[in-house]
2 protein chains.
Amino acid sequence: MKIGVIGGGQLGRMLALAGTPLGQQFVFLDPAADACAQALGEHIHADYSDRDHLRQMADECDVVTFEFESVPADTVAFLSQFVPVFPNAESLRIARDRWFEKSMFQDLGIPTPEFADIQSQADLEAAVTRIGLPAVMKTRTLGYDGKGQKVLRHPEDVTGAFAELGSVPCILEGFVPFQGEVSLIAVRGRNGETAFYPLVLNVHDKGILRLSVASAAHPLQALAEDYAHRVLKQLDYVGVLAFEFFEIDGGLKANEIAPRVHNSGHWTIEGARCSQFENHLRAITGLPLGSTAKVGESAMLNFIGEVPPIEQITAIDDCHLHHYGKAFKAGRKVGHATLRCTDNQALDARIAELQALIGV
Amino acid sequence: MKIGVIGGGQLGRMLALAGTPLGQQFVFLDPAADACAQALGEHIHADYSDRDHLRQMADECDVVTFEFESVPADTVAFLSQFVPVFPNAESLRIARDRWFEKSMFQDLGIPTPEFADIQSQADLEAAVTRIGLPAVMKTRTLGYDGKGQKVLRHPEDVTGAFAELGSVPCILEGFVPFQGEVSLIAVRGRNGETAFYPLVLNVHDKGILRLSVASAAHPLQALAEDYAHRVLKQLDYVGVLAFEFFEIDGGLKANEIAPRVHNSGHWTIEGARCSQFENHLRAITGLPLGSTAKVGESAMLNFIGEVPPIEQITAIDDCHLHHYGKAFKAGRKVGHATLRCTDNQALDARIAELQALIGV
C-alpha cells in the first residue's frame, strides 16, 4: 500500500519509519529541496498547489494524508476527487482556523477560554472591553509554535495590535490562569473505532513545546476523552487528532486541536504499545487500531536549534534519540529524545540528566 | 554519518530503520534490483566484487558493515583500504567457514559437537568411523537456513554424500541429542565494551527459524556470555555477533556464530531497551552501547513464504509486524512479528493466536 503525505518534514519521516514495517511505501509532496522525510520515500518536489504533481501523487497512492494543518483547502479538494484523503477536508477547514475551531468547541458544549472574532482594530477594542485584559490575540490561521500571536497585558498593548499582526482576521482569547497544559492524542478509524492515549503534561517555552510527560491515571482522562470523542464524531474524523487543553480549577478548557500526529505524542514511539504514527496509518488504511496503553513511564524532550552530542544522549539509559536530519537553526525543532523508565522517580532524574545536556 | 551496508535485504532494511533516528544515512550495495532495503537509502546496484562501485561506497561512507557472512574476502580486504569495515575481515574469515569456526571454539575451550574436516569421500568415511552415526554433513561455507547440509543416519546415507553436497570442502558434525537450541546476541563496541541480550530459545523447522522466545533469567546465561566473550575478544570483534548453542545435559555446545545482526535477535526491536540493530550501529560508529535489558516478555515468529493478512496480525494486542517488502516465495523469509506481553502465560496464548494465523 502506498501512502501519500502532503509535507515531508519530521512528522512525515516518523510516519514512514512506522509504516515501512507494515509494508507501506511513502510519497512526500514538499516544495523544500531538503525535506527530511525524503530519506524514506519518494519526494515529489513541488508546491502544494501544483495540480500536475498533486495528480501524480493521487495516481500513485492508495490514500493521502498530511503532516500540517495549513494545507490549502483547494489542495485537499482537488486530491479528494481522485484518492481518499484523511483526515477529511472539513476537519482541516475547522482546525486551521481558530475561530471555526473555538466555535465548534462551543457548539459541542466543550468549555473554552472566552473568545471573539477580530476583523478590525475596532473589533479588537470592543472585544477587549468585553473580555478584559490580559488576553491573547492570535491570527485565525497559520499560527504555530507561538508565531502569529501577541499577549495584550496593558491598554497600550492594544493600540495598533491588529496592524501589528498583519491586519488579518484574528481571534482574541481571554487569558486563562491555567495550572497546566495537557494534551490528548486521540485516534479514530475508518469504521468509527476510537482510542485515546494517556493525557500528556506539556511544558512550553516561548510558545515552543519543550517537554511532554505521559501521565499515569490522570483524574481528567475521562473528561478529556469525552470532549475529544464529541469532536471526532462531529467531524467524522479519521486518523490521529491532538487535542490541547488548559487544566484549570479541576476542569479543562479547550485550547486547540491539531488534525494530525503531534509533537506531544512523540513519546508513544517507545512509550506506548502502538505509536501515534502507526495508529494514524492504521486508521487511514482501515486497519484495526493498536493499543494505546503505556509501556513504562515516559517523557519526551525536544531539541530546539541543535541536537546535543549524540554520544552523550546515547549514554543515558533507555533514552531514544530521534534526529530529524534537518539543518540546525535557532528556534527550529531538529530532534527529540524519549526517556523510558519503570517508575516516575527514576524518570524525573533522567529528565534532569537530559535537560543538563540541552542546557535548560 | 553515512553507513555503507554490503547487502540490501531485510537486515539492511532494519538497520536503516534503527539508524535513521540516530541521524545516520544508508548506502546499500546489492546486485538485486529489488533489494528491499533500498526504500530506506541509496542503492548501489552492483556485484559484491565490483571494485568501481565498492570504491564509490568507500568514498561515500564513514563506516561499512555487512548483513551476511558470505561476503567475499576480497571485497572486505579491498574496502578496508579506504574505510573502516566492522566486523573485521578476520571475523568474517572465521565465521564464514565451519571448519575455522569450530576449530576456534575448540582452541578457546568452548565445547562443540565432535567434528571433522572433509575434503573427499574417503575423509568422510574415516570421519564417520570415528564420530559415528547419526551425524550431520555441512558444506564449510555458504550454508544457511538448512541449505548445504545433509543428515547421515544410516551407512547407505554416507555413500556418495560428498558428491551430493557438490564435492566441496565439508565438515562432519556428530549428532547432538540436544534439549533445545538457544542463541546469544552479543555486541562489542570499538572501545571493547561488551553487552549481551538474554538468551533466546529458538525453534527451527526444516532448517529455518520459526520462533524465538526471549528467556527470563536462563540458568546458562552466564556460561553463554563467558563463551561469547572469549570469541569477541579473540576476534577483536566490533558489532553484533550471534552465537548459536545446543543446550544439552545442563550445558552448552557451540553450534555456530553469525558475524552480524541475527534473526533470533529481531525481538529486541520492541522487546529490549535498545535493539540489536541500534546496538550494532552504536558499536561500529563508536557510540556507547545501549541497554540490552528486556521490556516485558517477548517472542518473535517468522513469516515464511508469505505474510498473513495484515488486518489479522494488527488485530493482536501488542503485536508488531515487520513486513520486509519482498516478493512472496515459498521458503523465503518475508517478514516477522514480535509479540510483547507483561507475563509468560499471556505470551504463550498470544504465540498460539499468531501461529493459528500462519497455519502452523
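Every number in this text was worked out from the coordinates using simple rules, so none of it is lab data. The model shown is predicted, which means the values in this text are computed figures rather than measured ones. Here Cβ is always computed from backbone atoms with ideal geometry, including for glycine, and neighbour counts include all displayed protein chains.
Each of B:ARG13, A:ARG153 was scored by other Cβ atoms within 10 Å of its Cβ. Arranged with the fewest first, they read A:ARG153, B:ARG13. The ranking of A:GLU156, B:GLU67, A:GLU90 by Cβ neighbour count inside 10 Å, starting from the fewest, reads A:GLU156, A:GLU90, B:GLU67.
Which of the three applies to the stretch A:114-174, rounded, prolate or oblate, going by the alpha-carbon gyration tensor with a ≥ b ≥ c and a/c under 1.5 meaning rounded? It is rounded, given that a/c, with a ≥ b ≥ c, falls under 1.5. Roughly what % of DSSP beta bridges within the protein assembly as shown run antiparallel, to the nearest 5? The antiparallel proportion sits near 80 percent.
Of the Cα atoms belonging to the stretch A:178-225, the radius of gyration and Dmax stand at 12.5, 39 Å.
As a proxy for reagent exposure, B:ASP348, A:ASP318 were ordered by neighbouring Cβ count within 10 angstrom, fewest first; the result is B:ASP348, A:ASP318. Evaluated over the Cα positions of the stretch B:180-358, the convex hull gives a direction-averaged projected area, one quarter of its surface, of 10.3 nm².
Each copy carries a label point for B:ALA46 at 7 Å from Cα toward Cβ; from one copy, the others' points are 3.4 nm away, ordered from shortest. With Cα atoms as the point set, the stretch B:35-136 shows a radius of gyration and Dmax of 18.6, 54 Å. Estimated translational diffusion coefficient (Stokes-Einstein, Kirkwood radius over Cα pairs, 10 °C, 1.306 mPa s) of chain A: 76 µm² per second. Bridgeable lysines around B:LYS206 (alpha carbons under 22 Å apart, same-chain partners fewer than 8 residues away excluded): B:LYS138, B:LYS147, B:LYS150, B:LYS253, B:LYS326, B:LYS329, B:LYS333. Here the label points at B:ASP107 and A:HIS204, each 7 Å from Cα along the C-beta direction, are separated by 6.5 nm in the simple model. Extending 7 Å from Cα along the Cβ direction at A:ALA73 and again at B:ALA89 yields two label points whose distance is 6.7 nm. Normalised by 2.2 N^0.38 Å, where N is the number of residues, the C-alpha radius of gyration of the stretch A:113-231 stands at 1.27. With the label put 7 angstrom out from Cα along the Cα-to-Cβ vector, A:GLU353 ends up 3.4 nm from the copy partners, going from closest to farthest. Counting every C-alpha pair in the protein assembly as shown, the share spaced more than 36 angstrom apart comes to 46%. Along its three principal directions, the equivalent ellipsoid of the stretch B:1-50 from the Cα gyration tensor extends over semi-axes of 18, 11, 7 Å, largest first.
Each other copy places its own label point for B:GLY207 at 6.5 nm from this one, sorted shortest first, where the point lies 7 Å along the Cα-to-beta carbon line. With 0.36 nm allotted per residue and the present C-alpha distance subtracted, the B:LYS2-B:ALA46 stretch has 14.0 nm of extension available.
Here the mean projected area of the convex hull built on the C-alpha positions of the stretch B:2-85 is 4.6 nm².
If R0 is 25 Å, the Cβ-Cβ spacing of B:THR129 and B:ASP249 corresponds to a FRET efficiency of close to 0.50.
Note on A:ARG230 and A:LEU142: the extension gain reaches 29.2 nm, defined as 0.36 nm multiplied by sequence separation minus the Cα-Cα distance.
Label positions at A:VAL151 and B:GLN312, each projected 7 Å from the Cα along the C-beta direction, are separated by 5.7 nm. The B:ALA330 and B:GLU193 beta-carbon pair, evaluated with R₀ = 51 Å, returns a calculated FRET efficiency of approximately 0.75.
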